[in-house]
1. Would you be able to tell me the number of residues in the range A:88-113 that are touching a residue at least 40 places away in the same chain (Cβ under 8 Å), away from chain B (no Cβ under 14 Å) and in a helix (DSSP H, G or I)?
2. Could you say which residue among A:124, A:93, A:69 is of a type in the set (Asp, Glu), over 15 Å from the mean Cα position of the chain (by Cα) and more than 30 Å from residue B:11 (Cβ to Cβ)?
3. Based on what the data block shows, is residue B:165 assigned to a loop (DSSP other than H, G, I, E, B) and under 29 Å from residue B:4 (Cβ atoms)?
4. Would you be able to say whether some residue in the range B:132-139 is out of contact with any strand residue (DSSP E or B) (no Cβ under 8 Å at 6 or more places or on another chain) and more than 30 Å from residue B:31 (Cα to Cα)?
5. At least 3 residues that are within 14 Å of chain A (Cβ to nearest Cβ) in each: list the helices (runs of 4 or more DSSP H) lying fully within the range B:1-65 that qualify.
6. Tell me the residue from B:20, B:7, B:55 that is surrounded by fewer than 21 Cβ atoms within 10 Å (Cβ to Cβ) and either closer than 20 Å to residue A:84 by Cα or aromatic (Phe, Trp, Tyr) (or both), please.
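FYI, it's all coordinate maths here, none of it is from the lab. Everything numeric in this text was worked out from a predicted model, so none of it was measured. Note that each Cβ is placed from the backbone with ideal geometry, even for glycine, and that neighbours are counted across all protein chains shown.
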Amino acid sequence: MPDFEPKIILFYCQFCPDKGINSACASNISMPSNFRKIRIPCTGTVDILHLMHALEAGADGVFVLACKEGDCHNETGNIKAQKRITYVRKLMEDIGLEPERVGIYYFNSSQGPSLKNITQEILEKISELGPSPLGLSEAA
Amino acid sequence: MIVAERKPIKEILAMVADFKKILLVGCKGCVTVCNAGGTKEVGILASALKIARKKEGNPIEIDEMTLERQCDPEYIDQLEEPLKNNNYDAVLSMACSVGPQFIARRYDNILVYPTLNTCFMGGALEHGVWAEFCQGCGNCIIHHFGGLCPIARCSKSLMNGPCGGSAGGKCEVSPDIDCVWHLIYDRMKQLGKLDQLREIFPIKDWSTSRDGGPRKIVREDLKK
Ligand code: SF4
Ligand code: SF4
């Protein structure tokens, strides 16, 4: 599928991941243009409904960039996000949509350069799966 | 509260397989508190069903609504307008199973489906964990047992326990179940009332329970 440009929704926390993204930018590593970034107060605010609605709207992948374990400013926001992602993945499995389209990555301010590895990994994973059957990429 | 959980999504998908447009109705009562059928769960289920059907190239239209309660006729009346103004193939209820029955009782021309399995009367042990505490026997006797219910919480509903299977505080049925008779013993000891447990509790009259058939409570002072 040579022309497939995955549409990725990325929720990221305003603390560690935001700083990490900024430090990546300072090193000239930018977020690929097909990532729609949504900055949120804490990954604990990412609701199952947000993830579902992004999938329903046809996103090819929906990911969360969270603070590392123990680094969450609200203590357990990243753990809650992980559990909600597990819930959505199970639901997707039940309805026959690839659960790998949803996931979580941990990232902090000192890891700026590894942003490239994360976005690359997401892009490879989603490219392998192909466009979401719900069609945002086709419509775009 | 009444504790329920959502049916497997595949079972619900099979229910709506022939439908193009449905009304999904949640309840703001018990099932909101136990995170099974409130506004949010209605949204999640609607989204999951729409994703599954869109993926198959057979989209389904789902209107969402959450009633104050589904166990009171005045709230069920609120479905009248939406049912009149829309050509729904069916109504799916996300209340405990009283809800879909109240909808079916009030509207005789629409198919009604339950999306939850109603499990028990209980409470939250912690966030996300609920356990059974009462079986609605119709004649509460927990004061004889330190305030703990041997009917709902003993696997054999023993009135004169424990049985020989109680070990280390756990029930022989499963290591996940606390033996309530162990708890009753500990609590009566704590209260200095162990001697009360020497008395043999007489056979319970089950006519106040389901054995007397479906039950009804009539309050003449409240009736119109
Ligand atoms: S004795 Fe009956 S009413 Fe009381 S808690 Fe047990 S089942 Fe419920
Ligand atoms: S082990 Fe305890 S809870 Fe289980 S059946 Fe026996 S008395 Fe009841």
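1. Residues in the range A:88-113 being touching a residue at least 40 places away in the same chain (Cβ under 8 Å), away from chain B (no Cβ under 14 Å) and in a helix (DSSP H, G or I): 5 in total.
2. A:69
3. No.
4. no
5. Passing ranges, in order: B:9-15, B:39-55.
6. B:7
Results for (1) within 30 Å of residue B:13 (Cβ to Cβ); (2) more than 14 Å from chain A (Cβ to nearest Cβ); (3) in contact (Cβ under 8 Å) with a residue 40 or more places away in the chain; (4) within 16 Å of ligand 1 (Cβ to nearest atom), shown as yes or no for each residue.
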residue	(1), (2), (3), (4)
B:120	yes, yes, yes, yes
B:130	yes, yes, yes, yes
B:143	no, yes, no, yes
B:160	no, yes, yes, yes
B:167	no, yes, no, no
B:170	no, yes, no, no
B:183	no, yes, no, yes
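Quick grid of which residues meet (1) under 20 Å from residue A:5 (Cβ atoms); (2) touching a strand residue (DSSP E or B) at 6+ places or on another chain (Cβ under 7 Å):
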site	(1), (2)
A:61	yes, yes
A:83	no, no
A:86	no, no
A:89	no, yes
A:113	no, no
